[in-house]
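Participant: Attaching a single structure in structure tokens format; questions to follow.
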Amino acid sequence: MHWKTHWLILMVAVTLTAPAVLPAAAQSGTTITLALTDFMRNLPVDDALAEFEAQNPGIRVQPVYLPYSSFYYTAAAENIDEHLQGAEALAAAADVALVDGESLSPEATRAGYFLDLTPLASSDAAFSPADFIPAAWESFRWDNGLWALPAKIEPLLLTYDPALFDQAGLAYPDASWTLEDVAHAARTLTQYDGSGAVSIPGLVTNGNDTALLRSLYRQSLNDEAGNPRLNTPELAALLEGWAELVDEGVVSAFTTQNLVDNSIPMMIGGSFGLGSDPLNPDAVSRVLVALPGGSIGVSTTGFAVSGGTAHPTEAYQLAKFLTESATFQSALLGYRSARVNPPVASAPPAPEEGALVLAVSAFVDPQIAAQIDALLGQALSDAELRYADYLDAAIKAVTDGTDAVTALSDAELIAVTNLQTASAVRGATPLIVATPVPEVVLAPGEIELTFSAGFASQVGDWERLLREFAALDPQVGAVRLTTDFGTLSDYAEQNDCFYVNYNAVPAADLTKILALDPFLSADPAFSPDDVAGNTLALLQRDNRTWAYPFSISPTLLNYHADLLAQAGIAEPRTGWTISAFADALRALDAVIPADQKPFTDRGFGDSSLLMLIAAYGGLPIDYRTTPPVFNFTDPATVEAIRTVLDMAKDGLIAYQELAGNGFMIMIGDGENPDPIYAEASGGGLMLMGGDSQMGANPYRMTTYPTGAYSAVSYEIGTGYISATSQNPDACYRLFGFLAQHPELFGSMPALRSQFSNPALLANAGQSALDFYTRFDALMQDPNTVIIPSPFTGELSLMGDFITRRWLDAAFDDYVLHDADLLTALTDAQAKVEAFQACAAALPPYDAANPMDYQSDLQTCASAVDPEMSSMFGPAIGVIQ
């Protein structure tokens with residue numbers, strides 16, 4: 001896979017402004033469409049486009065927001081047909097499209113899907129290649145064409161911890177390093193656990209193996225004609241040496257080590273996190289240098305014009321403007337502008353006190369920025385790495401045992417063949433850009449609802465269903481969708497009604513929302529008995545119901561049916577007992593690679609461990625009461641904890657540090673599938689049933705194992721009506737309509753009548769229906785313990801996210817540092833009790849000023865345990 005830096009998005013706040021309604025269609029002039037990612041809806045796109053329209057009278061720009069998958073489709077090296085289909089779909093979606101080195105490829109341009117901008121740029125007296133950083137300018141140039149205008153760049157660098165090098169007596173990395181130098185440092189710096197397995201590799205590439213090997217290669221991967229040149233003895237030798245390091249584990253593409261901990265000796269990555277960390281001033285200060293071999297990578301974001309546009313001149317003008325606009329630059333991910341002299345934006349207004357801020361760019365201090373800028377002259381452009389996917393395939397083949405010469409020969413042949421295939425389809429069918437969506441004009445007496453789905457995925461599906469509702473409803477002529485992130489108060493003040501993917505009722509300011517009981521009782525289609533489990537009770541306060549239940553997102557287990565069969569394990573169609581689950585882990589451990597774990601939690605935090613501990617009879621936190629009871633040192637609980645954590649020590653459960661300042665999701669390595677993994681269903685996983693149309697999917701869903709207790713963990717997707725809405729009846733009708741489309745939420749329906757909804761089962765299949773029924777029964781079972789998220793609802797008001805961190809620290813001490821378990825748990829219990837005493841003396845929680853109470857809780861936590869101070873940033877606290 002072509003290297004690409006994946007950014008961390010810090011949702012720290014949200015200062016929201018009501019989004020503007022798109023202006024009515026112009027009576028004359030040209031409409032240009034612009035394809036952007038769904039995420040960019042929340043950014044200042046409209047402001048930038050208004051600037052362009054003001055500068056270009058007669059041209060109107062309509063943004064087209066597409067899911068992430070529309071821009072990052074199958075690589076050509078993996079499947080040329082799927083790659084060309086993805087590129088064609090992007091080029092047909094809009095006149096101008098956001099692109100980078102992954103979405104814009106030589107195969108896509110040879111197929112004719114994107115316009116060569118050379119004639120337009122050459123005739124533009126106001127345009128000069130010298131205005132761009134050289135590597136950025138070259139990123140979209142091949143086959144004597146200019147295929148996009150560069151807008152923003154993100155560097156790819158090596159960072160290292162100098163203290164670790166000093167301790168090992170190693171020279172620091174520099175441009176003169178060869179693969180032998182990399183290998184020596186990686187082997188020396190790798191850390192091992194008590195069993196001899198690698199715990200922290202010496203070098204983590206974050207999937208950027210190809211960029212590092214190209215730098216070490218010190219030659220171009222392209223010949224003079226721009227075709228791939230991969231099959232060389234020098235490159236073969238590099239691949240053979242690299243495969244040895246990967247096999248030893250001293251070099252790893254990814255790691256589950258907590259990234260904020262900064263304990264990885266050498267790492268390849270982008271600019272995010274370089275320099276001082278305002279949330280963790282004690283973090284290791286890493287040094288940045290060029291990649292061994294002397295180069296750095298540069299990922300360039302730019303704008304391409306569709307080969308099917310009917311307005312090439314206007315589309316080019318828009319693409320050029322987007323590279324010049326300071327306002328639009330602020331909406332793009334990346335380190336800096338691709339222009340030598342970046343556009344300058346006016347300073348944004350300071351957010352109100354306590355407001356959240358959505359940050360999309362890393363804050364890089366001037367000293368770090370100067371170091372990066374000094375290295376840009378050594379940058380490898382995206383064009384130089386345009387055949388990196390094929391090199392990636394060769395690397396995988398070599399690590400799987402193929403000799404390097406054969407792997408490179410095969411990769412080069414596939415690349416040449418794919419380019420020929422792409423050229424052959426050019427002009428075979430006309431490429432037509434989709435017609436802009438016409439504006440809705442309200443008829444007399446019709447209304448427009450404003451509706452927010454700030455936590456929604458698949459925004460296009462939401463828009464389609466909202467249009468369908470407006471077409472069916474006798475009063476509503478249009479529903480304006482917003483997808484900004486915010487608090488409940490933000491949503492209520494700026495919308496008629498809204499959806500969030502969690503239960504906001506326990507911490508809500510009830511003056512901001514309407515109780516739904518009058519609507520529910522008057523609705524013949526709604527019955528409390530239709531709501532799964534005890535969900536409806538969780539949405540009530542003061543004997544009134546404040547939210548509409550749409551979906552339930554359980555944390556569930558996914559097991560690989562083929563691997564279970566290989567290990568001789570019967571599929572848990574009706575769930576596992578805890579003893580059968582433990583037996584399954586041991587049986588799987590005997591048939592999977594030595595460095596793989598039978599069970600992995602792909603989610604955040606400790607919920608999986610707490611559910612397994614409950615099955616063994618331990619309740620370190622008993623959530624059956626309000627407030628919950630903390631008893632870490634009860635003998636039965638201690639033994640249950642020891643049993644589960646010993647599974648982690650024995651390599652049956654993948655374990656990462658839980659109590660660090662950051663969070664890291666553990667994922668499969670891409671080579672060996674996880675035999676069993678845990679994941680919340682809110683991302684659409686519930687649509688992946690094993691007997692569905694996705695017949696190749698080997699995974700099946702099941703519940704957590706049962707034992708002394710049954711444990712579940714889930715969130716509720718909920719709808720609310722603003723107390724200031726002028727159209728509450730229309731909002732409630734919208735809720736009823738949306739509830740009939742459970743496929744929209746990518747989770748288990750909250751209404752039992754929707755478990756067998758045909759639209760849902762068409763994708764989910766019978767296995768999902770069986771799971772819904774079984775989970776519903778578990779939710780109603782009096783023996784079931786609910787393990788909630790510590791960050792939402794009433795528990796966050798009690799500081800659950802703080803107290804669970806002390807329990808997690810005890811887990812870490814036992815698993816990672818061989819501490820005495822009872823001693824660690826006793827220490828955690830003492831801290832919890834001291835914290836509770838401090839919290840009990842605080843002024844009561846005020847829903848109108850939630851941040852004040854959260855600040856007081858943090859003060860209590862820091863007084864009990866000074867190490868807690870470093871974990872608190874503006875993002876920590878209640879979601880309400």
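Participant: Just to be sure I understand the filter: pairs with C-beta atoms under 6 Å, separated by 6 or more residues or on different chains, first member in segment 396-416 and closer than 15 Å to residue 238 by Cβ, second member surrounded by fewer than 18 Cβ atoms within 10 Å (Cβ to Cβ). Which pairs pass?
Facilitator: From segment 396-416, the pairs are 404/240.
Participant: Considering only residues that are more than 26 Å from the chain's Cα centre (by Cα), under 20 Å from residue 484 (Cβ atoms) and not aliphatic (A, V, I, L, M), which ones fall in segment 498-512?
Facilitator: Within segment 498-512, 509, 512 meet the criteria.
Participant: Report, by residue number, each residue of segment 762-785 that is modelled with pLDDT under 90 and open to solvent by less than 40 Å² (accessible area, probe 1.4 Å).
Facilitator: 764, 765, 767, 768, 769, 771
Participant: Give the residue, chosen from 619, 612, that is over 29 Å from the mean Cα position of the chain (by Cα) and either modelled with pLDDT of 95 or more or more than 15 Å from residue 708 (Cα to Cα) (or both).
Facilitator: Numbers: 612 fails: over 29 Å from the mean Cα position of the chain (by Cα).
When all the criteria are applied, what remains is 619.
Participant: Being out of contact with any strand residue (DSSP E or B) (no Cβ under 7 Å at 6 or more places or on another chain), at pLDDT 90 or above, part of a loop (DSSP other than H, G, I, E, B) and not basic (Lys, Arg): is that true of residue 438 here?
Facilitator: On the way: out of contact with any strand residue (DSSP E or B) (no Cβ under 7 Å at 6 or more places or on another chain): yes; at pLDDT 90 or above: no; part of a loop (DSSP other than H, G, I, E, B): yes; not basic (Lys, Arg): yes.
No, not satisfied.
Results for (1) more than 21 Å from residue 464 (Cα to Cα); (2) open to solvent by less than 40 Å² (accessible area, probe 1.4 Å); (3) assigned to a strand (DSSP E or B), shown as yes or no for each residue.
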{"position": "40", "(1), (2), (3)": "no, yes, no"}
{"position": "48", "(1), (2), (3)": "yes, yes, no"}
{"position": "54", "(1), (2), (3)": "yes, no, no"}
{"position": "97", "(1), (2), (3)": "yes, yes, yes"}
{"position": "101", "(1), (2), (3)": "yes, yes, no"}
{"position": "109", "(1), (2), (3)": "yes, yes, no"}
{"position": "119", "(1), (2), (3)": "yes, no, no"}
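Participant: Scan segment 328-347 and give yes if some residue there is loosely packed, with under 15 Cβ neighbours inside 10 Å, out of contact with any strand residue (DSSP E or B) (no Cβ under 9 Å at 6 or more places or on another chain), farther than 30 Å from residue 454 by Cβ and at pLDDT below 95, otherwise no. Show your work before the answer.
Facilitator: If we filter segment 328-347 for residues that are loosely packed, with under 15 Cβ neighbours inside 10 Å, which is where we start, we get 340-347.
From the residues that got through so far, the ones that are out of contact with any strand residue (DSSP E or B) (no Cβ under 9 Å at 6 or more places or on another chain) too are 341, 344-347.
Filter once more, keeping what is farther than 30 Å from residue 454 by Cβ: 341, 344.
Subset that is at pLDDT below 95: 341, 344.
Yes, because at least one residue in segment 328-347 is loosely packed, with under 15 Cβ neighbours inside 10 Å, out of contact with any strand residue (DSSP E or B) (no Cβ under 9 Å at 6 or more places or on another chain), farther than 30 Å from residue 454 by Cβ and at pLDDT below 95.
Participant: Name every residue in segment 122-172 that is among the basic types (Lys, Arg) and crowded, with 20+ Cβ neighbours inside 10 Å, in order of residue number. Talk me through it step by step, then tell me what you get.
Facilitator: Narrowing segment 122-172 to residues among the basic types (Lys, Arg): 141, 152.
Within segment 122-172, just 152 meets the criteria.
Participant: Restricting attention to segment 239-257, and to residues there that are open to solvent by 20 Å² or more (accessible area, probe 1.4 Å) and among the aliphatic types (A, V, I, L, M), which single residue is nearest to residue 107 (Cα to Cα)?
Facilitator: Among those residues, the one meeting the criterion is 253.
Participant: Can you pull out the residues in segment 726-750 that are open to solvent by less than 20 Å² (accessible area, probe 1.4 Å) and under 28 Å from the mean Cα position of the chain (by Cα)?
Facilitator: Scanning segment 726-750 gives 735, 738, 739, 742, 744, 745, 746, 747, 748, 749, 750.
Participant: Right, next: Yes or no: residue 365 in contact with a Ser or Thr (Cβ under 7 Å, 6 or more places away or on another chain), surrounded by fewer than 22 Cβ atoms within 10 Å (Cβ to Cβ) and modelled with pLDDT under 60?
Facilitator: Numbers: in contact with a Ser or Thr (Cβ under 7 Å, 6 or more places away or on another chain): yes; surrounded by fewer than 22 Cβ atoms within 10 Å (Cβ to Cβ): yes; modelled with pLDDT under 60: no.
Considered against the rule, which asks whether it is in contact with a Ser or Thr (Cβ under 7 Å, 6 or more places away or on another chain), surrounded by fewer than 22 Cβ atoms within 10 Å (Cβ to Cβ) and modelled with pLDDT under 60, residue 365 comes out as no.
Participant: Scan segment 685-697 and give yes if some residue there is at pLDDT 95 or above, farther than 28 Å from residue 593 by Cα and either among the hydrophobic types (A, V, I, L, M, F, W, C) or open to solvent by 40 Å² or more (accessible area, probe 1.4 Å) (or both), otherwise no. Give the steps one after another, and end with the answer.
Facilitator: Pass one, segment 685-697, residues at pLDDT 95 or above: none.
No, because not a single residue in segment 685-697 is at pLDDT 95 or above, farther than 28 Å from residue 593 by Cα and either among the hydrophobic types (A, V, I, L, M, F, W, C) or open to solvent by 40 Å² or more (accessible area, probe 1.4 Å) (or both).
Participant: Please work out which one of (1) surrounded by 18 or more Cβ atoms within 10 Å (Cβ to Cβ); (2) more than 28 Å from the chain's Cα centre (by Cα) is the condition residue 58 fails and give its number.
Facilitator: (1)
Participant: Moving on. Which one is nearest to residue 244 (Cα to Cα), of the residues in segment 150-176 that are of a type outside the set (A, V, I, L, M) and touching a Leu at 6+ places or on another chain (Cβ under 8 Å)? Spell out the reasoning first.
Facilitator: The initial filter retains those residues of segment 150-176 that are of a type outside the set (A, V, I, L, M), namely 150, 152, 154-155, 159-162, 165-167, 169, 172-174, 176.
Adding the requirement that they be touching a Leu at 6+ places or on another chain (Cβ under 8 Å) leaves 152, 154-155, 159, 165, 173.
Values: 152: 36, 154: 30, 155: 27, 159: 22, 165: 22, 173: 20 Å.
Here the residue is 173.
Participant: I would also like to ask the following. Any idea how many residues of segment 484-523 are in a loop (DSSP other than H, G, I, E, B), touching a strand residue (DSSP E or B) at 6+ places or on another chain (Cβ under 6 Å) and surrounded by fewer than 18 Cβ atoms within 10 Å (Cβ to Cβ)?
Facilitator: Of the residues in that region, 0 qualify.
Participant: Taking into account only those residues within segment 423-440 that are of a type in the set (Val, Ile, Thr) and exposed (fewer than 11 other Cβ atoms within 10 Å of the Cβ), which is farthest from the chain's Cα centre (by Cα)? Write out each step before concluding.
Facilitator: If we filter segment 423-440 for residues that are of a type in the set (Val, Ile, Thr), which is where we start, we get 425, 429, 432-433, 435, 437, 440.
Applying the additional criterion that residues be exposed (fewer than 11 other Cβ atoms within 10 Å of the Cβ) yields 429, 435.
Details: 429: 36, 435: 31 Å.
The residue in question is 429.
Participant: Let me ask something else about it. What do you reckon, is residue 539 without any contact (Cβ under 8 Å) to a residue 40 or more places away in the chain, in contact with a helix residue (DSSP H, G or I) (Cβ under 7 Å, 6 or more places away or on another chain) and of a type in the set (A, V, I, L, M, F, W, C)? Step through it out loud before you land on a result.
Facilitator: Values: without any contact (Cβ under 8 Å) to a residue 40 or more places away in the chain: no; in contact with a helix residue (DSSP H, G or I) (Cβ under 7 Å, 6 or more places away or on another chain): yes; of a type in the set (A, V, I, L, M, F, W, C): yes.
Judged against the criteria, residue 539 is not a match.
Participant: Six or more apart or on different chains, Cβ under 7 Å: which pairs go from a residue in segment 288-314 that's open to solvent by 10 Å² or more (accessible area, probe 1.4 Å) to one that's among the acidic types (Asp, Glu)? Could you list them?
Facilitator: Listed by first residue and then by second, the contacts come to 289/174; 299/100; 299/154; 299/382; 301/100; 309/95; 311/95.
The values are calculated or read from the model by the stated rules, or taken from the named source; none is laboratory data. Keep in mind that this is a model prediction, so the values were computed, not measured. Neighbour counts are summed over all protein chains in view; Cβ atoms, including those assigned to glycine, are modelled from backbone coordinates with ideal geometry. These area figures cover heavy atoms from the full protein model, side chains too; ligands, DNA and RNA do not enter into them. Shrake-Rupley method; radii C 1.70, N 1.55, O 1.52, S 1.80 Å.
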